[in-house]
Every structure is written in C-alpha cells, then in structure tokens.
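Below is one structure, written out as structure tokens; the observations come after it.
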Amino acid sequence: MNELPPPDLRPCLRLDVEVGAPVEVGASASSFGYGHRRVIPITGGRVQCEHVGGTWKGRVLPGGADFQRIVGDRAACLEARYVIETDAGDRIYVENHALRSGSADDIGRLARGEPVDPARIYFRCIPRFETASPSLAWMMERLFVGTGARRPDRVELRVFEVA
C-alpha cells in the first residue's frame, strides 16, 4: 500500500489585528469548563494575502472580539470573530480558534499588556473563513493553520493553507 504524503503548508495571510483594553468577565464554571473569561475588543487592523488563489490587501473592521478562557496560569483558549474587508470591497467573516500557552511568568506579562518574546509562547490557531465573494470562495474550500504573537496593542498572525 502506498503511503499518503503529508500535507504542505502554503503561506496565505499576514494579519495585524489591533485590539483594545480587555473586558474582564471573571472566573466561572460552566459546561465548557473552568476558567477566567476575558473579552478583547478588536478595533481594526491590516491584512495582506499572497496566495495562488489571489493577491490582495484589506483591513480588519472594528467591532469584532476575541473571547478568551484563561485556564490556570499557563494557557488560554481563544475564539476570535471579526470581519475583513478587502481593498476591492469584498468582506470575509473570520472565526479563529487558538491555543496560547507559556510559562506562568510570560502568560502573566501578556495578561498585564507587557511585551513577551513570541519565541517563548506557543500560539497556534485554526481560522475558518466565510465570504459571498466568488473570487474568494477558495477560502471556504481549504483548511488553514496559523501562528501568532500577542503584542501590547495588537495580535500578529501568519496563516497558512494546508495544501
């Protein structure tokens, strides 16, 4: 039996997502698990796509948010939802699930809005895209993974198509 080849990763998107001050909800226990809830408003940002499916630039529209569940002092489960608008006027809804973890010290610094070397933090994501644009429909027909870095005022993401 022939072995199946592993998938390749193709660079696709570079995002700089601007964020506002966290809204602390507090500790809770629910059917989704225990943790400290925090909501980070998304206030804007820039995006660039360089992909075989098309090259374009756009912006992150204000109004989205990153809904976080902080688990212990070392990890956070993140769920961001926001809209990208391309320079051509096409809109893309983004739902991005991520896991961010590191030492208790480094995670504490991130929570206080202090800079941390991204090499010290595990930050991986699985974004999904929805659009009404025929020229961007390929984004709904592929799987993507990404890596990120939390900065004091923004989140940097690099997204790759699983080819």
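Taking GluC sites (Glu not before Pro) as exposed when DSSP calls them loop (any state but H, G, I, E, B) and at most 11 other Cβ atoms lie within 10 Å, what is the longest stretch of the chain free of them, the sites themselves excluded?
Maximal segment without exposed cleavage sites: 4-140.
Taking only Cα atoms and a 10 Å spring cutoff, compute GNM fluctuations for the chain and point out the largest among 111, 132, 80.
The residue with the greatest mean-square fluctuation here is 132.
Could you compute the net charge surrounding residue 16? Neighbours are other residues with a C-beta less than 11 Å from the C-beta of residue 16; K and R count +1, D and E count -1.
Once all neighbours under 11 Å are counted, the net charge is +3.
Using helices alone, I'd like the mean residue ellipticity at 222 nm for the chain: each DSSP H run of four-plus residues gives -39500 (n - 2.57), total over residue count, nearest 500.
For the chain, the value works out to -1500 deg cm²/dmol.
FRET efficiency for residue 95 and residue 3, Cβ-Cβ distance as r, R0 = 25 Å, nearest 0.05?
Once the sixth-power term is evaluated, E becomes 0.15.
Given the options 146, 110, 129, identify the residue whose Cα lies farthest towards the positive end of the charge dipole of segment 79-163 (+1 on Cβ of Lys, Arg; -1 on Cβ of Asp, Glu).
110
Taking the Cα centre of the chain as origin, work out the dipole magnitude from +1 charges on Lys and Arg Cβ and -1 charges on Asp and Glu Cβ, in debye rounded to 20.
Roughly 280 debye, rounded to the nearest 20.
Choose one of 92, 49, 26: the residue whose Cα lies farthest towards the positive end of the charge dipole of segment 9-162 (beta-carbon charges +1 Lys, Arg; -1 Asp, Glu; about the Cα centre).
The residue sitting farthest along the positive end of the dipole is 26.
Roughly speaking, what is the centre-to-centre gap between segment 1-76 and segment 97-127 when only Cα atoms are used, to the nearest Å?
One Cα centre to the other: 12 Å.
Take the chain, compute every pairwise Cα distance, and split them into 5 Å bins from 0; I just need the percent in each bin.
2, 8, 17, 21, 18, 14, 10, 6, 3, 1, 0
Read the figures in this text as sums done on the coordinates, not as results from a lab. Only a predicted model underlies this, so the values are computations on that prediction, with no experimental measurement involved. Here Cβ is always computed from backbone atoms with ideal geometry, including for glycine, and neighbour counts include all displayed protein chains.
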